[in-house]
1. Out of all the residues in region 67-78, is one or more touching an Asp or Glu at 6+ places or on another chain (Cβ under 9 Å), among the polar types (S, T, N, Q) and closer than 28 Å to Asp304 by Cα?
2. Going residue by residue through region 169-180, is there one that turns out to be out of contact with any helix residue (DSSP H, G or I) (no Cβ under 8 Å at 6 or more places or on another chain), open to solvent by 70 Å² or more (accessible area, probe 1.4 Å), in a helix (DSSP H, G or I) and not aliphatic (A, V, I, L, M)?
3. Name the pairs: first residue in region 145-174 and more than 18 Å from Glu334 (Cα to Cα) and free of Cβ contacts under 8 Å to residues at least 24 places away in the same chain, second residue part of a loop (DSSP other than H, G, I, E, B) and not hydroxyl-bearing (Ser, Thr, Tyr), Cβ to Cβ under 6 Å, at least 6 apart or on different chains?
4. Given the structure, is Glu75 open to solvent by less than 100 Å² (accessible area, probe 1.4 Å), charged (D, E, K, R), more than 15 Å from the chain's Cα centre (by Cα) and modelled with pLDDT of 65 or more?
5. Residues that are open to solvent by 70 Å² or more (accessible area, probe 1.4 Å) and not aromatic (Phe, Trp, Tyr): which strands (runs of 3 or more DSSP E) entirely in region 248-337 hold 3 or more of them?
6. Just wondering, is there one or more residues in region 117-128 that are over 20 Å from Thr317 (Cβ atoms) and either aliphatic (A, V, I, L, M) or open to solvent by less than 50 Å² (accessible area, probe 1.4 Å) (or both)?
7. Go through region 231-247 and give me each residue that's closer than 19 Å to Gln301 by Cβ and part of a strand (DSSP E or B).
Amino acid sequence: MARRERTTALPRQRPREARPGARGGFFLTTEETLRLLILGGASLLLVIVLGLLGWRWYDQTFRVPEKVILQVGDERFRLKYYADRLFPYAQSVAGSGINLGLAEQQLLTQLENEAIVNAIARERGITVTPDDVTNEIASQLGVPAGGAGTTFDTLYRQRLQSLTMSDANYRRWVEAQVYRKKLKDAILADIGDTTEMVTLRTIITTTEDEAKAALARIQAGEDMGTVAQTASKDLNSRQKDGIMDPEPPALLPAAVQAAIEGKPAGSEIIGPVQLANGDWWILRIEKRDPNATPSDTQKSQLADLRIDELIKEKRATITIRRNITSSDFRWAEEHAN
């Protein structure tokens with residue numbers, strides 16, 4: 001007898017009917033596809049916007065301020081340091097009528113000169129330690145150097161805040177000042193206590209015609225001292241018959257230096273000589289002293305003059321590269337205060 005197949009009461013799963021046009025697998029309607037495309041496009045746009053915002057933040061926070069805009073020899077200056085220095089430099093020239101654009105160019109030259117002085121000082125064996133920098137800061141603040149909680153600490157923090165400058169950049173600025181001071185001290189030692197000094201009798205006028213008129217009076221026999229009392233515009237010397245204070249020749253105006261070079265003291269009248277500022281000088285060398293004692297101010301001026309000469313000489317041999325654009329200047333202006 002044939003065996004009957006057993007059945008259960010469980011319903012059997014019917015095969016899923018394929019939708020019209022389906023090729024098998026997961027199928028999206030046109031509406032679902034459009035929705036996904038819109039969602040994907042919005043997500044991509046969001047990623048692009050966030051990427052641009054992130055790049056701008058990185059660019060303005062790290063890449064731009066860290067850009068090397070000036071290199072002098074081995075010393076490099078980044079845009080952030082330049083911006084930190086721009087505010088106090090602009091303040092220092094505010095009363096001179098210099099516009100911001102010119103001040104920005106002058107600051108670049110100032111940084112170049114500082115780097116050159118640093119290089120000259122190091123070539124002479126001069127060093128500057130962190131303690132030297134701290135002591136100079138304390139001297140400028142007028143208090144003893146000290147640690148956290150001291151008057152020095154409080155005043156120094158206020159100083160940084162007023163200049164919106166970082167501690168590292170401020171110390172670098174002061175370090176350059178210390179290098180110059182130490183180099184100047186070395187040059188002062190080279191100058192010594194005596195140097196050549198000249199004493200001039202002068203008549204200083206504003207125009208060439210006035211100078212020629214004064215010279216004509218002297219040539220007609222009038223005493224030069226008497227003429228100086230009435231014709232010279234320099235109130236200090238005219239009260240002393242035109243006699244000026246003894247001066248090292250190097251500190252005299254360039255045109256006067258050239259006019260008296262190699263000439264002895266005597267009765268020869270020199271001039272009229274036109275100066276760079278437009279004034280006209282008639283002069284006579286009253287005295288030359290090869291071993292005179294200059295004042296402290298004159299010695300300081302001679303040392304500064306020698307540093308300027310050393311900077312000029314060093315510029316001819318050191319590599320200087322500027323890499324600053326108009327957008328860099330704008331960034332510095334925005335972050336200078």
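The values are calculated or read from the model by the stated rules, or taken from the named source; none is laboratory data. Remember, predicted model here, so these are calculated numbers, not experimental data. Every residue, glycine as well, gets a Cβ built from its backbone with ideal geometry; the counts of neighbours run over all protein chains shown. For accessibility, only protein heavy atoms count, side chains too; no ligands or nucleic acids. Shrake-Rupley method; radii C 1.70, N 1.55, O 1.52, S 1.80 Å.
1. Among the residues of region 67-78, not one is touching an Asp or Glu at 6+ places or on another chain (Cβ under 9 Å), among the polar types (S, T, N, Q) and closer than 28 Å to Asp304 by Cα, which makes the answer no.
2. No, region 169-180 contains no residue that is out of contact with any helix residue (DSSP H, G or I) (no Cβ under 8 Å at 6 or more places or on another chain), open to solvent by 70 Å² or more (accessible area, probe 1.4 Å), in a helix (DSSP H, G or I) and not aliphatic (A, V, I, L, M).
3. Thr151/Val143; Phe152/Val143; Phe152/Ala145; Phe152/Gly146
4. Considered against the rule, which asks whether it is open to solvent by less than 100 Å² (accessible area, probe 1.4 Å), charged (D, E, K, R), more than 15 Å from the chain's Cα centre (by Cα) and modelled with pLDDT of 65 or more, Glu75 comes out as no.
5. Counting at least 3 such residues, we get 280-292.
6. Checking region 117-128: at least one residue is over 20 Å from Thr317 (Cβ atoms) and either aliphatic (A, V, I, L, M) or open to solvent by less than 50 Å² (accessible area, probe 1.4 Å) (or both).
7. Once the filter is applied, which keeps residues that are closer than 19 Å to Gln301 by Cβ and part of a strand (DSSP E or B), region 231-247 yields only Glu247.
A quick yes/no check of all residues on (1) farther than 23 Å from Gln110 by Cα; (2) free of Cβ contacts under 8 Å to residues at least 40 places away in the same chain:
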{"residue": "Lys182", "(1), (2)": "no, no"}
{"residue": "Ala214", "(1), (2)": "yes, no"}
{"residue": "Ile218", "(1), (2)": "yes, no"}
{"residue": "Asn236", "(1), (2)": "yes, yes"}
{"residue": "Gln239", "(1), (2)": "yes, yes"}
{"residue": "Gly242", "(1), (2)": "yes, no"}
{"residue": "Ala250", "(1), (2)": "yes, no"}
{"residue": "Glu261", "(1), (2)": "yes, yes"}
